[in-house]
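A quick write-up on the structure given underneath.
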Amino acid sequence: MINLANVKIVYSNRVLFQNANLLVRPGDKIGLVGPNGAGKTTVFRLITGEEKPDEGEVNINAGITIGYFSQDVGEMSGRSVLAEVLAGAGRVYKIGRKLHEYEHQMADPEWVMDDAFMDRYGKLQEEFIHLNGYEKETEAQTILNGLGIGPERWEDAIETFSGGWKMRIALARILLLNPDLLLIDEPTNHLDIETILWLEKWLKDFKGALVMTSHDREFMTRVCSRTIEVAGETITTYSGDYDFYLRERAVRREQLLAAQKRQQSMLSKEEEFIARFAARASHAAQVQSRVKNIEKIERIVVPPDPKVIKFRFGPIKRSGDIVVEMEDLAKEWPLPNGKMLPVFSGVSGKVIRTNKIALTGINGAGKSTLLKVISNITEPGSGTCKIGASVQLGYFSQHSCETLRPERTVFEELQERLPMANVGVIKNLLGAFLFSGDDTDKKVSILSGGEKSRVMLACMLAQPVNFLILDEPTNHLDITSREVLLEALQEFEGTIMIVSHDRYFLRHLVNRVFEVDHGNLRTFDGDYDYYLEKSAELSAAANQS
């Protein structure tokens with residue numbers, strides 16, 4: 001279907017990749033991986049024709065349909081949600097509009113039948129049926145439901161939706177297109193676990209070819225059976241899922257290091273021979289021959305390991321055994337019409353020191369609101385929430401980045417929170433989060449979402465806390481950075497409450513689960529797998545009763 005052959009891309013004298021090859025076959029499910037800035041988005045743009053290679057060829061089979069979902073959804077306005085999604089169906093949508101226009105004309109009492117007109121109408125209707133046009137609206141509704149947008153919002157103007165919900169609508173458009181090749185860039189951003197599970201099943205059932213990037217390791221592993229890495233100025237294919245890729249990459253790197261060592265040993269011996277006999281006329285021919293041979297040898301280069309964030313929590317003060325005690329907590333939010341929207345009620349439970357608790361529940365269940373109540377960011381409507389003795393609380397939210405001051409530099413943001421620290425301490429902490437050299441002088445206003453998340457994490461972790469409340473801390477972090485954060489949290493000696501849609505992260509971190517269910521709190525005294533098992537049993541029992 002798609003073949004990138006010996007492709008080279010250069011940006012401002014920087015070689016992104018060269019002699020790069022990539023093959024996408026019908027039905028392939030490919031995970032595209034690599035460090036930020038290595039060129040993954042460029043691969044997508046080459047396939048869609050938005051960019052041309054400086055060298056090499058991009059060969060695409062004639063007649064295939066390509067659908068591309070990117071983080072830049074562009075301007076969407078002037079339609080309802082359902083109409084916007086249907087517009088993504090391509091030709092079938094245009095035919096449907098034309099048929100509607102023709103039928104409107106035919107309904108006019110003064111309309112006079114015209115054979116040529118009816119012939120055009122008949123051909124369009126035949127093509128519409130062939131393209132399953134009459135099923136498209138039902139399909140669009142099913143996809144919107146799966147992505148968490150219910151019937152009550154299908155006719156709402158698209159302008160009334162936030163950026164995160166517009167991303168879902170843009171994704172629904174691409175899925176409805178049902179192309180031969182689907183390119184998806186970070187589809188799980190802004191999605192909750194329920195929606196991720198639905199999308200995971202949809203993509204696994206998808207009959208076309210798929211190439212996608214994702215920072216969600218479990219999602220990537222479950223969907224993709226091949227992995228292609230963009231890194232070190234090249235593109236490398238691995239014939240297995242993400243877990244296979246990690247193992248195989250380590251093996252290949254060891255082999256490359258061994259080959260480089262052998263080559264350097266050989267070159268060293270050759271250079272020693274040349275140096276020893278260069279001045280002897282009797283060895284002139286041999287010396288010249290070896291010099292030419294050395295010049296022809298292509299040096300083996302081992303790409304440097306990509307930089308990753310690195311940090312460990314320092315010593316913390318011991319808190320009391322009971323970190324949080326909740327009793328009949330309830331919360332409501334005021335609506336524009338003056339009424340109150342219940343979020344949760346009757347929430348009771350205890351957080352014990354060293355607990356690592358996942359807070360779960362369907363989208364809109366009130367997880368983030370409960371974390372805000374515990375963090376004293378918002379007051380409960382009723383009930384009590386007591387923080388235990390000697391608890392030092394640190395709160396990180398996916399919206400915390402909004403508290404960063406756009407006019408400040410990265411260095412100034414951290415300095416504001418550590419007024420007594422010297423320049424070296426601040427620079428070292430920023431270095432651990434990949435801000436070094438001139439990067440520390442970047443203005444917050446020009447940072448990417450991932451960079452802002454790293455600044456906010458650095459700011460939070462700069463404070464000595466023994467109770468971490470984390471609301472989607474992995475958003476915008478790549479897989480490697482997520483795993484470094486995971487390792488640090490595993491070693492953290494304090495207490496953690498976390499909301500996350502990253503199942504791999506939760507599976508390897510938590511030892512208890514609190515589920516907000518229909519306004520109430522259910523506790524599961526076991527890890528994330530235990531919670532999934534027991535939750536499934538409870539759902540099955542409820543369905544039988």
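The values are calculated or read from the model by the stated rules, or taken from the named source; none is laboratory data. Keep in mind the model is a prediction, meaning the values are calculated, not measured. Ideal geometry is used to build each Cβ from the backbone, glycine not excepted, and the neighbour counts take in all protein chains shown.
What to note about this one:
- Any hit, segment 199-216, residues being closer than 26 Å to Gly148 by Cβ, aliphatic (A, V, I, L, M) and out of contact with any strand residue (DSSP E or B) (no Cβ under 7 Å at 6 or more places or on another chain): yes
- Residue check, Arg226 in contact (Cβ under 8 Å) with a residue 40 or more places away in the chain, among the basic types (Lys, Arg) and surrounded by 15 or more Cβ atoms within 10 Å (Cβ to Cβ): yes
- In segment 446-455, the residues that are among the polar types (S, T, N, Q) and either outside any helix (DSSP H, G or I) or farther than 28 Å from Thr369 by Cβ (or both): Ser448
- Top-ranked residue in segment 319-370 [being in contact (Cβ under 8 Å) with a residue 40 or more places away in the chain, of a type in the set (D, E, K, R) and surrounded by 12 or more Cβ atoms within 10 Å (Cβ to Cβ); ranked as nearest to Ser539 (Cα to Cα)]: Lys367
- Residues that are under 19 Å from Arg503 (Cβ atoms), surrounded by fewer than 18 Cβ atoms within 10 Å (Cβ to Cβ) and free of Cβ contacts under 8 Å to residues at least 40 places away in the same chain are absent from segment 230-240 altogether.
- Residue ID - nearest to the chain's Cα centre (by Cα), chosen from residues in segment 400-427 that are among the polar types (S, T, N, Q) and surrounded by 12 or more Cβ atoms within 10 Å (Cβ to Cβ): Ser400
- Val81 modelled with pLDDT of 90 or more, more than 30 Å from Asp243 (Cβ to Cβ) and touching a helix residue (DSSP H, G or I) at 6+ places or on another chain (Cβ under 7 Å): yes
- Selection count, segment 327-348, where residues are assigned to a strand (DSSP E or B) and on the phi > 0 side of the Ramachandran plot: 2
- Residues that are within 23 Å of Arg318 (Cα to Cα) and in the same structural domain as Pro473 (by TED's automatic domain parsing) number at least 1 in the following helices (runs of 4 or more DSSP H) confined to segment 359-445: 367-374, 410-417.
- On inspection, Asp28 qualifies as acidic (Asp, Glu) and within 30 Å of Glu218 (Cα to Cα).
- Matching residues, segment 132-153, being in contact with a Ser or Thr (Cβ under 8 Å, 6 or more places away or on another chain) and under 18 Å from Leu177 (Cβ atoms): Gly146, Leu147
- Residue within segment 527-539 that is loosely packed, with under 15 Cβ neighbours inside 10 Å and hydrophobic (A, V, I, L, M, F, W, C) present: yes
- Of the residues contained in segment 29-38, one or more are found to be among the charged types (D, E, K, R) and modelled with pLDDT of 95 or more.
- Test for Arg318: is it outside any helix (DSSP H, G or I) and at pLDDT 90 or above: yes
- The sole residue among Arg276, Arg253 that is under 31 Å from the mean Cα position of the chain (by Cα), outside the structural domain of Ile374 (by TED's automatic domain parsing) and not aliphatic (A, V, I, L, M) is Arg253.
- Within segment 20-131, helices (runs of 4 or more DSSP H) holding 2 or more residues that are crowded, with 16+ Cβ neighbours inside 10 Å and not assigned by TED's automatic domain parsing to the domain that holds Trp154: 40-48
- From the list Thr495, Thr480, Thr440, the one residue that fits, being farther than 28 Å from Leu329 by Cα, out of contact with any helix residue (DSSP H, G or I) (no Cβ under 8 Å at 6 or more places or on another chain), surrounded by 14 or more Cβ atoms within 10 Å (Cβ to Cβ) and among the β-branched types (Val, Ile, Thr), is Thr480.
- Within segment 141-166, tally of residues that are part of a helix (DSSP H, G or I), within 18 Å of Leu197 (Cα to Cα), modelled with pLDDT of 90 or more and not polar (S, T, N, Q): 3
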